[in-house]
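The values are calculated or read from the model by the stated rules, or taken from the named source; none is laboratory data. The structure displayed is predicted, hence computed values, not measured ones. Please note: Cβ atoms are built from the backbone with ideal geometry, for glycine as well, and neighbour counts cover all protein chains shown.
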Amino acid sequence: MTRKKKRLTLIAAAMVVLGTAAGLVLYALRDNIVFFYGPSEIVAKDLPPGTHVRIGGLVKQGSLKRDAQTARFEVTDGKHEIAVTYGGALPDLFREGQGVVAEGVLSAAGLEATQVLAKHDERYMPKEVVDALKKSGRWQENADVGGVAQ
């Protein structure tokens, strides 16, 4: 075998190994590539307790309950609700009827959140939340989101 053929064989083998590694990584991350799920997607996927997820939607009106150490509320997309329990300090902009993204572990009772993010100003809402609200029919088309008319 000539030097040129040896180099080509080595390069081809390296490409196969890299392609296989990339394929395995993408296969392993296939369900975690999404930034977050809406409540309807969580219900449809029927994810088992113990699954680490991010959910996004609106804080359901009248669902916020606080005690000395925890806050309980529901995140909704208009079709389904997911109960969320959070033991930390809620963001200053957190309130009912506003957009929220909660990250944590699913349990039989809902989501045990480790982090809660609220929208940062009057008009901003993450694109994914807007898309989920549009899917559920709760989005107002003339609303201004992040300075871009929808």
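Brief remarks follow.
- Criterion: basic (Lys, Arg) and either modelled with pLDDT of 85 or more or within 23 Å of Leu29 (Cβ to Cβ) (or both) - qualifying residue of Lys134, Lys60, Lys119: Lys60
- Residue count for region 1-58 under the criterion of being farther than 22 Å from Ser136 by Cβ and in a strand (DSSP E or B): the result is 1.
- Those residues of region 64-75 which are surrounded by 19 or more Cβ atoms within 10 Å (Cβ to Cβ) and touching a Ser or Thr at 6+ places or on another chain (Cβ under 8 Å), in sequence order: Phe73, Glu74
- Filter pass, Arg30 being under 19 Å from Lys135 (Cβ atoms) and of a type outside the set (A, V, I, L, M, F, W, C): no
- Single residue of region 86-115 satisfying the filter (without any contact (Cβ under 8 Å) to a residue 40 or more places away in the chain and part of a strand (DSSP E or B)) that is surrounded by the most Cβ atoms within 10 Å (Cβ to Cβ): Ala113
- Per the conditions (1) at pLDDT 75 or above; (2) over 13 Å from the mean Cα position of the chain (by Cα); (3) among the aliphatic types (A, V, I, L, M), the sole criterion not satisfied by Val148 is (1).
- All conditions but one from (1) surrounded by 15 or more Cβ atoms within 10 Å (Cβ to Cβ); (2) at pLDDT 90 or above apply to Lys79; the one that does not is (2).
- Within region 46-87, the set of residues being of a type in the set (A, V, I, L, M, F, W, C) and in contact with a helix residue (DSSP H, G or I) (Cβ under 8 Å, 6 or more places away or on another chain) comprises Val53, Ile55, Leu58, Val75, Ile82.
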